[in-house]
1. When the gyration tensor of chain B is built from Cα positions, what are the square roots of 5 times its three eigenvalues, in whole Å, from largest to smallest?
2. Which of A:Q72, A:H381, B:I31 sits closest to the plus end of the dipole of the protein assembly as shown, meaning its Cα is farthest towards the positive end, when Lys and Arg get +1 and Asp and Glu get -1 on the C-beta?
3. Would you kindly derive the ³J(HN,Hα) couplings of the stretch A:9-19 from the backbone phi angles with the Karplus curve 6.51 cos²θ - 1.76 cosθ + 1.60 (θ = phi - 60°), listing them in order in whole Hz, with x for Gly and Pro?
4. Taking neighbour Cβ counts within 10 Å as the exposure measure, how do B:T60, A:T304 sort from fewest upward?
5. Please grab the % of Cα pairs in the stretch A:1-134 that end up more than 17 Å from each other.
6. Counting Lys and Arg as +1 and Asp and Glu as -1, each charge on the Cβ, what is the dipole of the protein assembly as shown about the Cα centre in debye, to the nearest 20?
7. Of A:A311, B:L70, A:V278, which is farthest along the charge dipole of the protein assembly as shown in the positive direction, counting Lys and Arg as +1 and Asp and Glu as -1 at C-beta?
8. Per residue of the stretch A:71-80, what does 6.51 cos²θ - 1.76 cosθ + 1.60 with θ = phi - 60° give for ³J(HN,Hα)? Whole Hz please, x for Gly and Pro, Karplus curve as stated.
Amino acid sequence: MFGTVLVANRGEIARRVFRACRALGLRTVAVYSEADRGAVHVRDADRAIEVGGAPARESYLNAERILEAARQARADAIHPGYGFLSESWRFAEAVRRAGIVFIGPGPEAIRKMGDKIEARRLMSAAGVSVLPGSFDPVADVAAAEAIAREIGYPVILKAAAGGGGIGMARVAKPGDLAAAFAAATRRSQAAFGMGELYVERYLERPRHVEVQVFGDRVGSVVHMHERECSIQRRHQKLVEESPAPGLAPATKTGLTAAAVAGARAIGYTNAGTMEFLVDEGGGFYFLEMNARLQVEHPVTEEVTGLDLVVAQLRAAAGEPLPWGQSEIVQRRAAIECRVYAEDPSKGFLPSPGTVQRLELPSGEGIRIESGVEPGSTVSVHYDPLLLKLIAHGATRDQAIERLADALDRCVIEGVRTTIPFLRGVVASSEFRQGRVHTQMLEQGAFNA
Amino acid sequence: MPEEIKAHITGVVFQIPTKPGDRVAAGDAVIVLESMKMEIPVEAPRAGAVKEIRVQEGQTVQEGDVVAVLE
């Protein structure tokens, strides 16, 4: 095991990783931007190094400065958290070349899964079902039309370099394709510097169900069951839970087997997530793989009783997986809510500011992962996630009751938050009955 | 009658898709702010010509700051 770990991140996830490091007796190093001098993650670490200006590209995305900080602090390993540099295969490779352990998958796996068309092709070759569509970038509108005719409308155009929903366009009928193609190419070009698109069948009202996988360096790959993450807004998850309510046993078995087969096919190591869309008939299709720790990993931890971050550290140090597949059991139900500094009454507009008051619930079955404390500045420069509230119970109903109570007792003043919206979700009959799909928000399901 | 366009949130100027003299329709993005990884357009409240742009790309603006003026 290594001795010192640098966390190339901020907020709640940096604190989460530091906690796992402390559990293993490792020394910790934080990095921070100029805007984060007073941030709570900075004080959590044994040592902290400033790496640049407030904009992320000058600090948390500045690979050179972060590597320099690692050398300065004599860190033997770097944990990237999520977001920022976590899915940059170039960063993972630079870390390795610097003789430092990257706590995550190898650069090759990150690169393969980052290219959405290549990921589709590789997963299909591994026997994982993907949505009908193209396996290469489509050259022009005529090529897109030919594929759309073959697979049937509606279709979705996606950016090959894609992410976060940028450059995606739903096309309902042949007459709309040319205009949508031009617009999606333009948006993709602007966002990623390349306009390449591919075409897929568009599913109406699918569920988003993902499978946590974990691999070690001797070739073992296990799954840690599924998470239901359908409640989303602009492709950002808001509520996640496990087990996925009402998921047919055959679908669940198929999903976990596909996830393990897919991860094994690319020699995946460490923690990763295979995301799928599930249609109303229980058919499922590979969406993408997140080659890193997910925001919603605590859901899986609460359900299985296992510590994913400690496992990441051990696996990165070369230890074999501590558990066999049969020992990983869904022992209870857990639900996570993401509390963002956004104003749900104004279309989820960002709400930067200073946290004036913070009262967090506690008690049986409640876990909080917070990146803020009273007095914290919530800056315009970073993701608006303030904290995650996770409730677990012996049953889903018990988890929901605890979550509803915790949301009622959670008080945050100084910035607007998504708490009122989350209370509405948890109170809704659709959610209580587990009848969820990815288009619920757009269709106004939780409008009071 | 000139009309000031104010930022409705605090953010960093991400893009300026218009320039003085451009005609805009009500609802067109005059500038685009970035805040917490989201792009938020500041829209023209009515149709008209852009008289002045008061900000530059990369500049931080506070809620209520004037970012542009319509003719």
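1. Details: eigenvalues 72, 24, 22 Å².
Largest first, chain B gives 19, 11, 11 Å.
2. Sorting the options by dipole projection puts first A:Q72.
3. Going residue by residue, I get 6, 9, x, 4, 6, 4, 5, 4, 5, 4, 4 Hz, with x marking Gly and Pro.
4. On the way: B:T60 15, A:T304 21.
So the ranking, lowest neighbour count to highest, is B:T60, A:T304.
5. On the way: 5274 of 8911 pairs.
Value for the stretch A:1-134: 59 percent of Cα pairs lie more than 17 Å apart.
6. Numbers: 60 positive and 66 negative charges, 146 e Å.
Rounded to the nearest 20 debye, it is 700 debye.
7. Of the options given, the answer is A:A311.
8. Listing the rounded values in order: 5, 4, 8, 6, 6, 9, 8, 10, 9, x Hz.
Since every read-out is calculated from the coordinates, none of them should be taken as a lab result. Values in this document were obtained by computation on a predicted structure and should not be read as measured data. As a convention, Cβ positions derive from the backbone with ideal geometry for all residues, glycine included, and neighbour counts pool all protein chains shown.
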